[in-house]
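One structure is given below, encoded as structure tokens.
The values are calculated or read from the model by the stated rules, or taken from the named source; none is laboratory data. If you're wondering where the values come from, they're calculated on a predicted model, not measured in any experiment. Glycine also receives a Cβ, built like all others from the backbone with ideal geometry; neighbour counts cover every protein chain displayed. These accessible areas exclude ligands, DNA and RNA; they are computed on the full protein's heavy atoms, side chains included. Shrake-Rupley method; radii C 1.70, N 1.55, O 1.52, S 1.80 Å.
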Amino acid sequence: MRTELELIRRAREAREKAYVPYSGFRVGAALEAEDGTVYTGCNIENAAFSPTCCAERTAFFKAVSEGVTSFRRIAVVGGHKGQEATETACPPCGVCRQVMREFCDPESFRILLAGSDDQVKSYLLKELLPEGFGPDFLS
Ligand code: ZN
């Protein structure tokens, strides 16, 4: 089993590929599927702004586009260009939390947030998206 810090290291590597000419705020994510495969993502900005995609959603959409829809946890690391990472953890935005809710069990899916010092904050999805709307409401 991969350690939390190994998953965070993969997120840090993914962060290096962030395409952020406008904000300069780089985010990397490493999403671990149930089978142990890791899908990484970085944030990708766009001159028109709306098409911008977060690192977390990039990782999810890479996995789902390859037929993978069961996940254990995701590590997220963010910070301005030139900085190693934010001093404190960089939490996922509301849109990304909603994407997580589509594919992940709020009771068991873990979100690992690390700042510059590898101090890991670990949350369950239900803690970051309480009373979230999910696919079960439509079944
Ligand atoms: Zn997001």
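In sequence order, segment 53-61 has phi-based couplings of 10, 6, 4, 5, 5, 4, 5, 4, 6 Hz under the Karplus curve 6.51 cos²θ - 1.76 cosθ + 1.60, θ = phi - 60°, and Gly or Pro positions carry x. Charging the Cβ of each Asp and Glu at -1 and of each Lys and Arg at +1, and nothing else, the dipole of the chain about its Cα centre rounds to 300 debye.
What a 1.4 Å probe finds exposed on segment 1-119 is 50% carbon and sulfur by accessible area, rounded to a whole percent. Could you name the aspartates and glutamates in cross-link range of residue 81, using Cα to Cα under 16 Å and dropping any fewer than eight places away on the same chain? Partners within reach: 13, 16, 45. Remark: segment 88-139 carries 56 Å² of accessible area per residue (probe radius 1.4 Å; ligands, DNA and RNA excluded). Taking the charge dipole of segment 1-108 about its Cα centre, with +1 at Lys and Arg Cβ atoms and -1 at Asp and Glu Cβ atoms, the residue from 42, 99, 65 reaching farthest to the positive side is 42. The modelled label-to-label distance between residue 98 and residue 35, using points 7 Å beyond Cα along the C-beta direction, is 3.0 nm. Other residues within the sphere of radius under 9 Å centred on the Cβ of residue 74, judged by their own Cβ, net out at +1 (K and R +1, D and E -1). Straight-distance candidates among the lysines for linking to residue 62, with alpha-carbon spacing under 20 Å and chain neighbours fewer than 8 residues away dropped: 17.
Listed by chain and number, the aspartates and glutamates whose C-alpha is less than 18 Å from the C-alpha of residue 121, apart from same-chain residues fewer than 8 away, are 4, 6, 32, 56, 84, 87, 107.
As I understand it, the dipole of the chain uses +1 on the Cβ of Lys and Arg and -1 on the Cβ of Asp and Glu, about the Cα centre. Which of 130, 28, 89 lies farthest toward its positive end? Result: 28, furthest along the dipole toward the positive end. A simple packing score, the average count of other Cβ atoms within 10 Å per residue, orders the peptides 42-55, 14-27 as 14-27, 42-55, with the highest score first.
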